[in-house]
Amino acid sequence: MRDKVVAILETRTGEHLAELIARRGGLPMPAPALEEVPDVDSDRLATLLRGSAADPFTMAIFQTGVGTRALFEAAERLDSATALLPMLDRAVVVVRGPKPLGELRSRGVRVDLRAAAPFTSDKVLAAVSGVPLERARVLVQRYGETNRRLCEALEARGARVEEIATYRWALPEDVGPLMRLIDALAASKVDAVVFTSAVQVRNLYTIARRMNRGADLAGFLDAVVVASIGPVCTAALVEHGVTPTFEASPPKLGPLVQGLAAALQ
């Protein structure tokens, strides 16, 4: 990928991804597409913890590492961390991927079920398919937005689902890099765009519409290599009329960069 301009929409691990691309001779173009804003409802968390003794949770599902960490930190600020651990000890603890698994293990929390790669909502549902959920109380650690697919499927099995928000996704305060990326795509000055989450796709389109270029963006992207981290991201791209050049398998940065290098050859 020597001298190829590669746009990166990732925020949290954007610097690391840029370094991996630069090592292969690529020219990273950072354009952060989202910001993670802490959004823990402390009063709701306190109510859930107080009520869990009389009405215990049958299951607790953790979807992200950063959200799991934020939940524990919020409980600690409430001086309720000691209530969170017994609540989880009585529940079937489920993780969506390796990051929440690591966060829970670091706190000595037993993990009962793990979603298989590529860690989608369907894989979570498959992992919990053998657990009776009729009238069961299920806690879901929400990530940047409500996971309607997961919650509706659990409710269809009779579960009483209660989500707890830990952070939300927002547009970056500075959207200048995204605007410059869209201008560069229009001028054919970009060779590849790397998407690592579905919300990056939606936010890029939000900015494109503000620039009156929403209708053109799919065409701009079809003219370059479009790298997708996994099936959820791919679905968001397809929904907007964009067919990814490739999807990383497994959905990790290493395979993503390898696939990018191969596509750019």
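Here are a few things to note about the model shown:
- The Cα atoms of segment 1-125 define a convex hull whose projected area, averaged across directions, is 9.4 nm².
- For the chain, pairs of C-alpha atoms spaced more than 34 angstrom apart make up 26 percent of the total.
- The Cα atoms of segment 222-265 give a gyration tensor whose axes a ≥ b ≥ c have a/c of 1.5 or more with a/b no greater than b/c, which makes the shape oblate.
- Across the chain, the mean sequence separation of Cα contacts (distance under 8 Å, 6 or more residues apart), normalised by length, yields a relative contact order of 21 percent.
- Anisotropy class of segment 194-234 from Cα gyration tensor, a/c 1.5 cut: oblate
- Under 26 Å between alpha carbons - lysine pairs in the chain that sit 8 or more apart or on different chains: 5
- Relative contact order (percent, whole number), segment 37-169, Cα cutoff 8 Å, 6+ residue spacing: 32
- Shape of segment 41-187, Cα gyration tensor, a/c cut at 1.5: prolate
- The order of Ile8, Ile164, going from fewest to most other C-beta atoms within 10 Å of their C-beta, is Ile164, Ile8.
Values quoted throughout were computed directly from the atomic coordinates according to the rules given, and no laboratory measurement underlies them. Not measured: the values here are computed from a predicted model. A quick note on method: Cβ atoms are made from the backbone with ideal geometry, for glycine too, and the neighbour counts reach across all protein chains shown.
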